[in-house]
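Below is one structure, written out as structure tokens; the observations come after it.
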Amino acid sequence: MTAERKFLLIDIVTLVICAVAVIFVQIRGIEIPQEDAAMLLRYSEHFAEGEGIVWNIGEHPVDGATDFLFMIMVGLLAKTGFTVQVAARVLTLICHFITVVAVYLFLRYWRVSRNVASLASALIIVGPARYYVAAYFGTTTFALFGLLAWGVLLTMIIEDDTRWHHIFSILCLIVGLIRPEGTFLALFMTLALIYNLGLKKAKPVLTSMLIILGLVGGSYLIWRKVYFGYFLPNPFFIKGGFEFENLTASVVRTACLTFPLIAATPILLWFKKTRSQTIILLFPVIGFTVIFAFMSNQMNFVSRFQYILLPITVVSMSLIVWTLKDEISVSISKRFASPLFSISVSSWILIFFACWYGYFFSYKFTHDSTYDVGKMLSKYNNGNYTLATTEAGLISLYSGWKSIDAYGLNDQWIAHNGGIDEGYLDRYKPQVILMHGSYRPLDDWSFQGDDPWPSMLKVLQKYAIDNNYTLAAAHGISPQSVHYYYVRNDFPESEKIITKIQNMQYFKLGEMKPSINFALLQHH
């Protein structure tokens, strides 16, 4: 083994060990998915069981998962015997570790120094990816394939050779299949390539993209229309539409993820040597940030929607900075040549980024008792009981009951008919209704405006009152945010379920202490 390969192996092993240490410190003891991740896992579970891509077994297919290919990958892995929770955790872990190594290998392939390549990978390690893995989100899978596509693109630019065009096109297809906005990311990457190489040189890439994305991607869209009835995932009909607030949130989140790396662009644009490379990076960064003006910032857990821009920015900026090494004065270059000085500078940079990400992307995981209620309800799962809920993740996944997602993210009828109504509820006659809203006397439930959330709550509560449901609990720390549990009185286990919900030590997501049952307080 040559010395270069030996050092390569040592660096990779060291980076992986560090990544493993950081991740496992974060995920230790966290075995319950985040609310929104649990929705995807329900689809994966049904897919693994051979029921298709459905929210409720036996009903029409619906794509509420959004991370389509990730959901399929988790389902396929679960078919081997894993639970969907373990499958998701294993997949996201592997993708994160590969991302860390890929950043290093790309930079070393482009002849960037070991020190810079190692530091770049370390920035990924201390970034917010550990939170996505802990929460069971597929963010690291999306980030990995986005990074691979970007790395292949930069390789074609650096080598002035488009022989990697088929690999690039396939990776772009995968990115688009994982998440819909990945298609736009692939478009911005392709525009960056055309800008650098010119239309004539980029022709093989465009041809490959048209064939692979056109034929395979086009066939996929036709299949979606036939299978689901719609081209777009169901949540887009709830959360879609331009909002200036969405754009502002996306800009802030991207800036926090990539700063101060992206803050150096004015300086790098000034240097002729790095101007082109910097403009290339701005194509995906600006483009991908702007498209989220058309998508709600809801469920953007620790900026997971924009996270893919972090590894892309890290590899690009590392390459750009290394390109400027000859611009540094001879005296400074000699100092940088000192291993001790280099290690010191790298350590301070790493500490800065660790503190930066720790400040802007810290998240305190807390217990969510919708999981406990779901586990309790699973004991009464006979295949005929239905749950109507505004919190459609954990309670739906762990109860196994047929579930009406009252907000419509996982219900095509609600998403395409302007919201839920009492007639739709009466089709199912749900045994349990869970709704998240402020607590108020039952005769004073009124709302102003057209906000779909309070309108939905009004429908749910009116249905429960009109049909003589029992208010088992209204759990919350304050009256401004409670979980209502209404239980129907005409099925065999209703009294047992009411008693268990009333007596449960209840924690709401984000709260560190047990909730108060305001329904019991009012009763007494």
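Quickly run through region 344-366 and pick out the residues that are crowded, with 16+ Cβ neighbours inside 10 Å and not aromatic (Phe, Trp, Tyr). Those that are crowded, with 16+ Cβ neighbours inside 10 Å and not aromatic (Phe, Trp, Tyr): Leu350, Ala354.
Looking at (1) touching a residue at least 40 places away in the same chain (Cβ under 8 Å); (2) closer than 23 Å to Leu173 by Cβ; (3) surrounded by 15 or more Cβ atoms within 10 Å (Cβ to Cβ), which is the only condition Asn246 fails? Among (1) touching a residue at least 40 places away in the same chain (Cβ under 8 Å); (2) closer than 23 Å to Leu173 by Cβ; (3) surrounded by 15 or more Cβ atoms within 10 Å (Cβ to Cβ), the lone unmet condition for Asn246 is (2). Which of the residues that make up region 29-50 are without any contact (Cβ under 8 Å) to a residue 40 or more places away in the chain and either within 20 Å of the chain's Cα centre (by Cα) or farther than 14 Å from Phe365 by Cβ (or both)? Tyr43, His46, Phe47, Ala48, Glu49, Gly50, listed by residue number. Every condition in (1) more than 20 Å from the chain's Cα centre (by Cα); (2) at pLDDT 95 or above; (3) among the hydrophobic types (A, V, I, L, M, F, W, C) holds for Met1 except the one numbered (2).
Here is a yes/no grid of residues against (1) within 26 Å of Phe361 (Cβ to Cβ); (2) at pLDDT 90 or above:
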residue	(1), (2)
Gly229	no, yes
Asn234	no, yes
Glu243	yes, no
Thr248	yes, yes
Val251	yes, yes
Ala255	yes, yes
Lys273	no, no
Ile280	no, yes
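Could you check, for region 147-156, whether at least one of its residues is over 25 Å from Leu282 (Cβ atoms), surrounded by fewer than 24 Cβ atoms within 10 Å (Cβ to Cβ) and either hydrophobic (A, V, I, L, M, F, W, C) or over 21 Å from the mean Cα position of the chain (by Cα) (or both)? No; the residues of region 147-156 include none that is over 25 Å from Leu282 (Cβ atoms), surrounded by fewer than 24 Cβ atoms within 10 Å (Cβ to Cβ) and either hydrophobic (A, V, I, L, M, F, W, C) or over 21 Å from the mean Cα position of the chain (by Cα) (or both). Would you check if Ile157 is assigned by TED's automatic domain parsing to the domain that holds Phe259, hydrophobic (A, V, I, L, M, F, W, C) and closer than 30 Å to Leu41 by Cα? Here the answer is no, as Ile157 does not meet what is asked.
Rundown of residues vs (1) β-branched (Val, Ile, Thr); (2) crowded, with 18+ Cβ neighbours inside 10 Å; (3) under 27 Å from the mean Cα position of the chain (by Cα), yes/no style:
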{"residue": "Gly383", "(1), (2), (3)": "no, no, no"}
{"residue": "Leu387", "(1), (2), (3)": "no, yes, yes"}
{"residue": "Ile395", "(1), (2), (3)": "yes, yes, yes"}
{"residue": "Ser399", "(1), (2), (3)": "no, yes, yes"}
{"residue": "Ala406", "(1), (2), (3)": "no, yes, yes"}
{"residue": "Ala415", "(1), (2), (3)": "no, yes, yes"}
{"residue": "Ile420", "(1), (2), (3)": "yes, yes, yes"}
{"residue": "Tyr424", "(1), (2), (3)": "no, yes, no"}
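For region 347-366, filtering for residues that are β-branched (Val, Ile, Thr) and either outside any helix (DSSP H, G or I) or within 20 Å of Arg28 (Cα to Cα) (or both) leaves 1.
Can you tell me which of Leu221, Leu232 is assigned by TED's automatic domain parsing to the domain that holds Tyr132, aliphatic (A, V, I, L, M), in a helix (DSSP H, G or I) and surrounded by fewer than 17 Cβ atoms within 10 Å (Cβ to Cβ)? Of Leu221, Leu232, the one residue that is assigned by TED's automatic domain parsing to the domain that holds Tyr132, aliphatic (A, V, I, L, M), in a helix (DSSP H, G or I) and surrounded by fewer than 17 Cβ atoms within 10 Å (Cβ to Cβ) is Leu221. Checked against the criterion of being farther than 24 Å from Thr499 by Cα, in the same structural domain as Ile516 (by TED's automatic domain parsing), at pLDDT 95 or above and acidic (Asp, Glu), the candidates Asp444, Asp450, Asp411 yield just one match: Asp411. Taken over region 464-495, residues that are touching a residue at least 60 places away in the same chain (Cβ under 8 Å), within 34 Å of the chain's Cα centre (by Cα) and either outside any strand (DSSP E or B) or closer than 16 Å to Arg427 by Cα (or both) amount to 0. Summed over region 496-517, the residues that are in a helix (DSSP H, G or I) and either surrounded by 13 or more Cβ atoms within 10 Å (Cβ to Cβ) or outside the structural domain of Val459 (by TED's automatic domain parsing) (or both) give a count of 6. State whether the residues of region 202-210 include one that is surrounded by 20 or more Cβ atoms within 10 Å (Cβ to Cβ) and among the basic types (Lys, Arg). Among the residues of region 202-210, not one is surrounded by 20 or more Cβ atoms within 10 Å (Cβ to Cβ) and among the basic types (Lys, Arg), which makes the answer no. Output the residue which, of all residues in region 279-328 that are among the hydroxyl-bearing types (Ser, Thr, Tyr) and not in a helix (DSSP H, G or I), is surrounded by the most Cβ atoms within 10 Å (Cβ to Cβ). Residue satisfying both the conditions and the ranking: Tyr307. Inspection of region 26-34 identifies at least one residue that is part of a helix (DSSP H, G or I) and within 30 Å of Ala117 (Cα to Cα).
The values are calculated or read from the model by the stated rules, or taken from the named source; none is laboratory data. This structure is a prediction, so every number in the text was calculated from the model and none was measured. For neighbour counting, all protein chains shown are included, and Cβ atoms are generated from backbone atoms with ideal geometry for every residue, glycine included.
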